[in-house]
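Readers should treat all values here as calculations from the given coordinates under stated rules, not as data from a laboratory. From a predicted model like this one, the values you see are computed outputs, not experimental measurements. Reconstructed Cβ throughout: ideal geometry from the backbone, glycine too, with neighbour counts over all protein chains shown.
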Amino acid sequence: MPLTPDEVFECEAWTRGFRRVAGLDEVGCGPLAGPVVAAAVILPRRCRALIGLRDSKRLNKLQRERFYELIRRVAVGCGVGIIDAKVIDAVNIRQAARLAMEYAVRQLSPPPDFLILDAIRLPQVRIEQRMVIKGDGLCLSVAAASVIAKVTRDRLMAEADVRFPQYGFLAHKGYGTAEHLRRLRRYGPCTLHRRSFRPVRKAETRWA
C-alpha cells in the first residue's frame, strides 16, 4: 500500500534548529515539448489543512486543482521556476531541471534555510539540503511542491494548445504519445519542441 506523505523529514530539520524548511519537486523532464517546471514550498508546522495530499501522480486533475489552491493559501512560501525548451536544448534536461529548482528557491519569501529534494542536489545553492528518494510520496512539503509544479505546467500546456492546436498539447501535455508523434511527423516541430530530443530531431530532419 502506498505511503502517505508526512512531516517526519521536516520535523527532523526543525529539531535541528532550522525554521523554514522547503520541499522541492519538478515536473516535465520527459516530454518532447514544453517547459520543465519546478516548485518550492514552505509549509507551516503541523499543517492539518492538507490531509489527503499525495504525490501529484496519485491525484486526479480535480484533486490536484483543489490542493493547488489550498497549498497556495496555507503555505508560508511558494516559489515556481520555469525553464523553456530553448534553454533545455542549450544545457540538457538535467541541468534545466536544476535551474528550474534554483529559480523556484529564489522566488521564496521568506527565504528557506533548509531544502528537501527528491533526486537532484543543487550545488550552486548555499542552503543545507537533504535528498529523499521518492520524496514526493514521503514528505509533505515535497508532495505539495509536486502539485504546484504539475498544475502550473498543465496550465502552461493548455495555453500552448491554444497557440498550437495542431499538436493536441491539451491531451498529452507534450509527452511522446503515439498521437503526439503522429502530429509531430505531420506538422514538424514548433517553437515549444525540444530539438535536442531524438524524436523531435528526427521530425525536424524530415521537414528540413
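Between region 162-189 and region 88-148, the alpha-carbon centres lie 29 Å apart.
Based only on other Cβ atoms within 10 Å, what is the fewest-to-most ordering of Leu156, Leu117?
On the way: Leu156 20, Leu117 25.
Least crowded to most crowded, the residues run Leu156, Leu117.
3J(HN,Hα) couplings calculated from phi for region 7-19 with the Karplus curve 6.51 cos²θ - 1.76 cosθ + 1.60 (θ = phi - 60°) are, in sequence order, 9, 4, 5, 5, 4, 4, 5, 4, 4, 7, x, 6, 10 Hz; Gly and Pro show x. Once you treat every alpha carbon in region 94-200 as an equal point and sum by Debye, what is log10 I(q)/I(0) at q = 0.19, 0.22 Å⁻¹? Values, matching the q order: -1.02, -1.15.
Amide H contacts for Asp6 (H built 1.01 Å from N in the peptide plane; partners 5 or more residues away or on another chain; cut-off under 5 Å): Cys139, Leu140. Listed values for region 29-36 are Karplus-derived 3J(HN,Hα) couplings in whole Hz (6.51 cos²θ - 1.76 cosθ + 1.60, θ = phi - 60°), namely 6, x, x, 8, 8, x, x, 9, and x replaces Gly and Pro.
Work through the residues other than Gly77 whose Cβ is under 13 Å from its Cβ and net out their charges, Lys, Arg +1 and Asp, Glu -1. Charge balance near Gly77 sits at +4. Over all other residues within a Cβ to Cβ distance under 11 Å of Ser196, the charged ones net out to +3, with Lys and Arg as +1 and Asp and Glu as -1. Projected label points at Arg155 and Ala90, each 7 Å from Cα along the beta carbon direction, are separated by 2.6 nanometres.
Using the Cβ-Cβ distance between Arg185 and Lys57 with R0 set to 22 Å, the FRET efficiency from 1/(1 + (r/R0)^6) comes to roughly 0.20. Against the chain, whose longest principal axis comes from its Cα atoms, helix 178-187 is set at around 50 degrees.
Per-residue Cβ neighbour counts within 10 Å put Thr15, Thr152, Thr177 in the sequence Thr15, Thr177, Thr152, beginning with the fewest. Modelled spin labels at Arg46 and Cys29, positioned 7 Å past Cα toward Cβ, are 3.6 nm from each other.
Using only helices, what value at 222 nm comes out for the chain when you add -39,500 (n - 2.57) per DSSP H run of length 4 or more and divide by the total residues, to the nearest 500 deg cm²/dmol?
Details: 9 runs with 95 residues, N = 208.
Calculated at 222 nm, the ellipticity per residue is -13500 deg cm²/dmol.
Each other residue within a Cβ distance under 11 Å of Asp154 adds +1 if Lys or Arg and -1 if Asp or Glu, for a net charge of +3. Per-residue Cβ neighbour counts within 10 Å put Cys190, Cys11 in the sequence Cys11, Cys190, beginning with the fewest.
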